[in-house]
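Below is one structure, written out as structure tokens; the observations come after it.
The values are calculated or read from the model by the stated rules, or taken from the named source; none is laboratory data. Just so it is clear, the structure is predicted and the values come from calculations on it, not from any experiment. Because the Cβ atoms are built from the backbone with ideal geometry, glycine has one as well, and the counts that use them run over all protein chains shown. The area values use the complete protein model at the heavy-atom level, side chains included, leaving out ligands, DNA and RNA. Shrake-Rupley method; radii C 1.70, N 1.55, O 1.52, S 1.80 Å.
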Amino acid sequence: MSTLINERSHAGQEPDGVIVPPARDAAQPTRGRRLRRAWAKAAPPLAAVVVLVSLWQIASWASPMRDDLFPGPGDVLATAGRVVGDGSLPSAAATSLWRGLSGFVIALVIATPLALALAHVSWLRRAVGPLVSALQVLPSVAWVPAAIIVFGLTDATIYAVILLGAIPSIINGLLAGIDMIPSQYRALSHVLGARRIQHIMLVELPAALPGYVSGLRQGWAFSWRSLMAAELIAVGGSLGLGVGSLLQRGRDLADLGLVALIILVILAIGIVVELLVFAPWERRLLAGRGLSPMGANA
Amino acid sequence: MSTLINERSHAGQEPDGVIVPPARDAAQPTRGRRLRRAWAKAAPPLAAVVVLVSLWQIASWASPMRDDLFPGPGDVLATAGRVVGDGSLPSAAATSLWRGLSGFVIALVIATPLALALAHVSWLRRAVGPLVSALQVLPSVAWVPAAIIVFGLTDATIYAVILLGAIPSIINGLLAGIDMIPSQYRALSHVLGARRIQHIMLVELPAALPGYVSGLRQGWAFSWRSLMAAELIAVGGSLGLGVGSLLQRGRDLADLGLVALIILVILAIGIVVELLVFAPWERRLLAGRGLSPMGANA
Amino acid sequence: MSVELSETTLRYGDGPIVLDGLTESIRPGEFVALLGASGCGKSSLLNMLAGLLEPTGGSIDVPDDGAAFMFQDPTLLPWLSAQGNVELALRLAGVPRAERSVRARELIDLVQLGHAREKKPHEMSGGMRQRVALARALAQQRRLLLMDEPFAALDAITRDMLHEELRAIWQRTGMTIVFVTHNVREAIRLAGRILVLSSHPGRVIDTRTITDDFRADPARAAALAAELTDVLRKEQFKHEHLDQ
Amino acid sequence: MSVELSETTLRYGDGPIVLDGLTESIRPGEFVALLGASGCGKSSLLNMLAGLLEPTGGSIDVPDDGAAFMFQDPTLLPWLSAQGNVELALRLAGVPRAERSVRARELIDLVQLGHAREKKPHEMSGGMRQRVALARALAQQRRLLLMDEPFAALDAITRDMLHEELRAIWQRTGMTIVFVTHNVREAIRLAGRILVLSSHPGRVIDTRTITDDFRADPARAAALAAELTDVLRKEQFKHEHLDQ
Amino acid sequence: PSPRTAAQATELGPAAELKLGYFATVTHAPALVGLEEGILAEELDRDGTRLQSQVFTAGPSAMEALNAGAIDAAYMGPSPAISSYLGSAGKSIRVVSGATSGGAYLIAQPGTESVADLAGGELATPQFAGTQDIAARDYLREQGADDDVAISHAAAGTAVQLFSRGAIAATWQPEPWASLLVEEYGGEVLVDERELWADGSFPTSVLVVSQQFAAEHPETVARLVEANKRSVEWASAHPEELVGVADAAIRRATGENLYDAVLSRALEGLTFTADPLAGTYPVLLERARATGVIPGAAAADLDGLIDTDWPNNDTEGGGSR
Ligand SMILES: Nc1ncnc2c1ncn2[C@@H]1O[C@H](COP(=O)(O)OP(=O)(O)OP(=O)(O)O)[C@@H](O)[C@H]1O
Ligand SMILES: Nc1ncnc2c1ncn2[C@@H]1O[C@H](COP(=O)(O)OP(=O)(O)OP(=O)(O)O)[C@@H](O)[C@H]1O
Ligand SMILES: [Mg+2]
Ligand SMILES: [Mg+2]
């Protein structure tokens, strides 16, 4: 006989092979609880970072390679001090972040209606759908010569490259979300007398939202990566110095400390965007529908 | 009064605002039907291509730009004749395609168990999940210095860059698919006495498959783009010449005809992979569950 | 606005014929019940009446403004509360914004869910979800109302109350109602006419008209229930012998 | 292996108490029916018995090997056919590969779906899906079987046949069955004991033991049905007055 | 911007603005000096022309920008200039002045004594059909080693990494990477490219302007050429200060730079000259043809590429008609 007694806190006790939906929490959140919760949320990623940095330090000590070929955390910290000190890194990060976010938002605004058009106009989807998937595959650098010829050396070139990278990905994400909508919802819209636009706004988009968010996450990745490609074109002058230019600089100078630093900065930006934007959004969405991301139920 | 009479072929008649699930087809497919179907499938993308090429030709005639800055279809065809004639394009395309596909398959094999681990081990997901999303954001070129230090100028460098690009994307796609599984399925597995591994193999993976496929499509895009980035790094020697290297060569030689040609080749590869792999797979999957991609019901 | 079926035939793909040459006319304001074995094609018929499915043969005439439809499963939108689901139907029916909230409250109260107004579908019991779907169907206010086993998940008491409400609404609005049920007594209690369908293929094998006098007499109603059950039983046994 | 509830209490999050201090013991081999208004907590109770939900207070003892559970909605896996869904349950119950197909066929025939063996869930009617879910629950062969309104979507005739089958299986295997129904006569026909639940909060307000003699006498059975319906009605009216 | 062919343009007097592209690297020292010491701005200002500078990281994107009209003039290596000139059938740009000469070396792994030691290894050049690539191929051909040594391409830092890891036997690199390899990784200088040229000089970076701009604003081009000459002279005259000036200019542009030791060694090997060394172009082209890199190239196609006859009033442009 197994006895389930009223014990709210035996997280680790889950018997082998039992796939239990997480029980809901009975108590009201108090101040102390909330603090503990925030800590519980922040602790695992922090632990991951600490573990990774330690491994890195150990590897760099143990490695027989020359220091400049395998910079350790200390070296990178020193590089960080230098480029933060002279202000180049913060300003580059701010420039890139602004371009990335604004480009992503523009891509979103353009891609969403396109995706809806593809989802609803069957011949359009058959005609253009494969092309969209193919555009996703086209590397950003391929657009650079054309973009320079059309837009010159302005921010418009950079945005063009970002958009061409992010738009196909967002379109595909939304299409996938729409395709997975239970077919009953279409019947429901029909029966409720929804006009097409009402169906889209009131039923289809909300229903596709969880899939859409995961498409947006990929779209964000594409727009950021395209931005990095665009920032390699040129530096200074009318184009502000971005993180991508710094990365290129590090590669040109074979300065692996700088390269590692930029990688860390990009990772940090990615983690922050994920933790502040996508993860909470997705969690709220799923929770509102009685689903819960399995790893994120704390 | 509206009268719905037995007319199987009034595709265009759908009244405004009516969102009707596609009626199933009553007749058996005959030979003639099948031919007409194949044609109906191929016609829209072909039409799209013809329209785009004509627009391009007209633009290149009308444009005041120098021919070398805006090559028309004729110029590109001539370039194609040249690089196909000397065998460099076919061999580069074959090399890249092989690298892209094999890299993607390896990424798939590595990413799937990782995604499952993240989906099932809550602290792991909280610790590593944001890092995975951040890795997706990291541009492929960032890995190149590290990959070269570790692997030198070998195919291993190229595969490392592909894997680091594709794996996070596939992980996120599968995670998103798993998160959207109705929570009842977990309850069902529990009640049927499934062990965790059985739940994963028999319930979770099949249920997440539609979301997974759309994640794989993004993963394929990432792996192909990473491949292009890797092929720009280093060429020649023991490394075969890939499509990415040809693209770079076009830029180096200020040969925009070659650049345009490579863009077209990459697009063509993308379209073929989409039409032969992802689109049919997705359609079959959705149809098997009573869903249908809306634009693709012909 | 009457509903006219003429030689309506349905099959899915190249499967067996589901409905075979139904010819039936439903007058405006009629209250019709459909009885038939599980899988005989009742839901399919309602789907055709709602314009969700095209007949394979024959024709169907329905009112131009479509039909309100309560599906066999509730099909609530999971991101909306009970109130939200009903308000959506009102919005799509063109009810002005100001009235929607009040009307939705009334409908939710009607189905006894006043205490669960803000609950999301996943926080409701099966019967509660079915009642929200009922409220939503009533919110549509069409002249034709199709209901697919609307009370199947409800306890006898709630069901009784809702029977009363439904008849009251029907009498007040004069709408046409076609509903599917497996409960023979429910059919007798509510409907003005009962159609009994056979299965494999579905045809109308029996039609009964029920007057209010008839309904008022429990003994005659019970006798009819027994008789109809017998019709259904015979039909099904015939089948079993064909099948095996 | 008996089922023991002791002071079992349940609430969802910080909502109202759903089940309040249930203390009840179900003997091995007993056939128990749960009656109660929609939303009173019947499905929640079954979920706790199946280990899908933890009680907020008190304790629950259930057999170690878990329970077979037929959910209120069919929850079939959409990528598997009827046969495939049943075979999956057999596979997870450890039935050797060779036997699965035969056993699944038998179970599908038992629920009268021989003609729809290879149909996918989206190609089946509501009642057909429910029957596949029933076949799947029977395939699990646990000592405790929980059923949540197992026959709600079925016509009277099919339901009758399945009642017979279920009782036969129960008698043959001696398993413990707890099932929820809204049909009072169904409860009387099948169960050895009936528990009536109140709502807001859910407590056991009436318990009846039904012997085979009793069941055999239609008049006494009808009287009991009327009596229980009355208990339910009183309970619900009390509520309505508290609510408003 | 939609660049038209130069023939359609008419002279418009001094430009209001000149957009100048350059790389933030030592081989572009005259540009660095001109900017850092204010020579370029000062000279252009005489006609009221404003100077706008733009840093590039690779020849192709600079050339693309020039073609697009996003910049009007640029310092760049001769090979992108040749590629563009050939590709546009002589319509894209003109080389109006020289800037830097020398500063490219074949650096081999420590302990390598001669080309023969490279056999079976890989030699990396920055890019296909680039100046160093052609030099390397031609050199190997001359030495009869072209079958023994594989050529691969890796630019700048990548080549340094490959070298440090021992993945390549040698690399033909311009400064400052050649010096970096020598100073930091013990590379052996096998060949100083100057040895391969008749009078020991060959162009490393030159000043080019778009033909469109040259046709519209010949006065401004003349000012630019003059400023370049002054910068070149300054650079030649102040070898001690040059390191500091170059370092400051590079850091200002990109925030990062190499050690001074590497920089000064790199600068030592460079010669600054306003002479574009026109005589080397046909040789360069012939070598490209001979090694099969640009098979169809003919010396006549380069007619009009180099035009040092500034100031001139010839709106048709072109010194070597
Ligand atoms: N999409 C479909 N594809 C193929 N066959 C289908 C489809 N939908 C329904 N059917 C078949 O049509 C028949 C009638 O189904 P329908 O849902 O109309 O039955 P029903 O009378 O409503 O049954 P129930 O009382 O069980 O709900 C069934 O045999 C079913 O298998
Ligand atoms: N996940 C949940 N979150 C919050 N409340 C819930 C949740 N699930 C159920 N409830 C509430 O618990 C109560 C009991 O629900 P339950 O499903 O057990 O009722 P039931 O007796 O099975 O009703 P029915 O006969 O309608 O199926 C209901 O009031 C419902 O709103
Ligand atoms: Mg039905
Ligand atoms: Mg229930």
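D:Ala223 sits among other residues whose Cβ lies under 11 Å from its own Cβ, and their net charge, with Lys and Arg +1 and Asp and Glu -1, is -2.
Measuring between their Cα centroids, region E:223-296 and region D:55-119 lie 79 Å from each other.
For region C:113-244, the gyration tensor built on C-alpha atoms gives a prolate shape. Its axis ratio a/c (a ≥ b ≥ c) is at least 1.5, and a/b is the larger of a/b and b/c.
Put the Cα centre of region A:100-152 next to the Cα centre of region C:125-169 and the gap is 47 Å.
Using the 1.4 Å probe convention, the accessible area of region B:71-286 works out to 30 Å² per residue with neighbouring protein chains retained. Computed across region A:71-286, the Kirkwood hydrodynamic radius from all distinct Cα-Cα pairs reaches 18.9 Å.
With q set to 0.14, 0.17, 0.19 Å⁻¹, the log10 of I(q)/I(0) for region E:257-311, from the Debye formula over equal scatterers at the Cα positions, is -0.63, -0.75, -0.79. Under the criterion of Cα pairs below 8 Å and six or more residues apart, the relative contact order for region D:74-141 equals 49 percent. Please work out the average accessible area per residue across region E:73-148, using the 1.4 Å probe convention, and give it in Å². For region E:73-148, the solvent-accessible area averages 29 Å² per residue. Note on region A:167-232 and region D:183-244: Cα centroid distance 50 Å, given to the nearest whole angstrom. The mean number of Cβ atoms from other chains found within 10 Å of a Cβ in peptide C:49-61 is 5, as a whole number. If you sort C:Met70, A:Met180 by accessible surface, 1.4 Å probe, largest first, the order is A:Met180, C:Met70. For the chain pair A and E, buried accessible area totals roughly 2400 Å², probe 1.4 Å, rounded to the nearest 100. Rounded to 0.05, the FRET efficiency of the E:Arg252 and E:Ala300 pair, given R0 = 60 Å and the Cβ-Cβ distance, is 0.90.
Note on D:229-237: average number of Cβ atoms from other chains within 10 Å of each residue's Cβ is 3. All other residues whose Cβ lies under 13 angstrom from that of E:Ala278 are scored, Lys and Arg at +1 and Asp and Glu at -1, for a net of -4. Starting from one equal scatterer on each C-alpha and no solvent at all, send me the Debye-based log10 I(q)/I(0) for region E:78-195 at q = 0.11, 0.12, 0.20 Å⁻¹, two decimals. Each listed q corresponds, in turn, to -0.37, -0.44, -1.03. At a probe size of 1.4 Å, how large is the accessible area of C:Arg189, to the nearest 10 Å²? Here the accessible area works out near 80 Å².
For the pair A:Val277 and A:Ala38, the difference between a 0.36 nm per residue extended length and the Cα-Cα distance amounts to 84.4 nm. Ligands, DNA and RNA aside, C:His200 has an accessible area near 90 Å² when probed at 1.4 Å.
Express the relative contact order of region A:80-235 as a whole percentage, based on alpha carbon pairs under 8 Å and six or more residues apart in sequence.
Reported relative contact order: 32 percent.
For C:Lys234 and A:Val50, a Förster radius of 56 Å and the Cβ-Cβ distance give a FRET efficiency of 0.15, rounded to the nearest 0.05.
Accessible area buried by the pairing of A and B, both sides summed with a 1.4 Å probe, works out to roughly 7900 Å².
All other residues whose Cβ lies under 14 angstrom from that of D:Pro121 are scored, Lys and Arg at +1 and Asp and Glu at -1, for a net of +3.
When DSSP beta bridges are restricted to pairs lying wholly in the protein assembly as shown, around 55% turn out antiparallel. A simple spin-label model places pseudo-atoms 7 Å from Cα toward Cβ; at D:Glu99 and A:Ala62 they are separated by 5.2 nm. Highest-first packing order for the peptide set A:40-52, E:262-274 is E:262-274, A:40-52, based on the mean count of other beta carbon atoms within 10 Å. Element breakdown for the protein assembly as shown at a 1.4 angstrom probe: carbon and sulfur atoms account for 58% of the accessible area.
Hey, with R₀ at 22 Å, roughly what FRET efficiency would A:Val150 and A:Val105 work out to, going by the Cβ-Cβ distance, to 0.05?
FRET efficiency, A:Val150 to A:Val105: 0.50.
The residues of region D:80-128 occluded by other protein chains by 30 Å² or more of accessible area, set against the chain on its own, are D:Leu88, D:Arg91, D:Leu92, D:His115, D:His122; surface from heavy atoms, 1.4 Å probe. Translational diffusion of chain C was estimated from the Stokes-Einstein equation, with Rh taken as the Kirkwood radius over Cα pairs; at 20 °C and 1.002 mPa s the coefficient is 114 µm²/s. Under the membrane-span-like helix rule (DSSP H runs whose alpha carbons stretch at least 18 Å along the helix axis, mean Kyte-Doolittle hydropathy -1.0 or higher), chain D yields D:97-110, D:126-139, D:156-173, D:218-243. For the protein assembly as shown, what does the alpha-carbon gyration tensor say about shape, rounded, prolate or oblate, given a ≥ b ≥ c as the root eigenvalues, a/c under 1.5 as rounded, and a/b over b/c as prolate? It comes out prolate by the Cα gyration axes.
Over the C-alpha trace of region D:74-141, radius of gyration and Dmax come out as 10.5, 31 angstrom. Over 30 Å between Cα atoms, which of C:Lys234/D:Lys119; A:Lys41/C:Lys119; D:Lys42/D:Lys238; C:Lys119/D:Lys238; D:Lys42/D:Lys234; B:Lys41/C:Lys120 qualify? Violating the 30 Å Cα-Cα cut-off are B:Lys41/C:Lys120.
Antiparallel as a % of all DSSP beta bridges within chain D, to the nearest 5? Counting DSSP beta bridges with both partners in chain D, the antiparallel share is about 45 percent. Peptide E:200-212 shows a mean partner chain C-beta count of 0 within 10 Å per residue C-beta.
Total buried accessible area between D and C, probe 1.4 Å, nearest 100: 2300 Å².
Accessible area ranking (1.4 Å probe, heavy atoms, ligands and nucleic acids excluded), largest first, for C:Lys119, D:Lys42, C:Lys238: C:Lys238, C:Lys119, D:Lys42.
Here's how it looks for C:Gly36: its modeled amide H is under 5 Å from those of C:Leu197, which are all 5 or more places away or on a different chain. Averaging 1/r over every pair of different alpha carbons in region A:173-238 and inverting the result gives a Kirkwood radius of 14.1 Å. Farthest towards the positive end of the charge dipole of the protein assembly as shown, among the residues D:Phe71, A:Ala78, B:Val277, is the Cα of D:Phe71, using unit charges on the Cβ of Lys, Arg, Asp and Glu.
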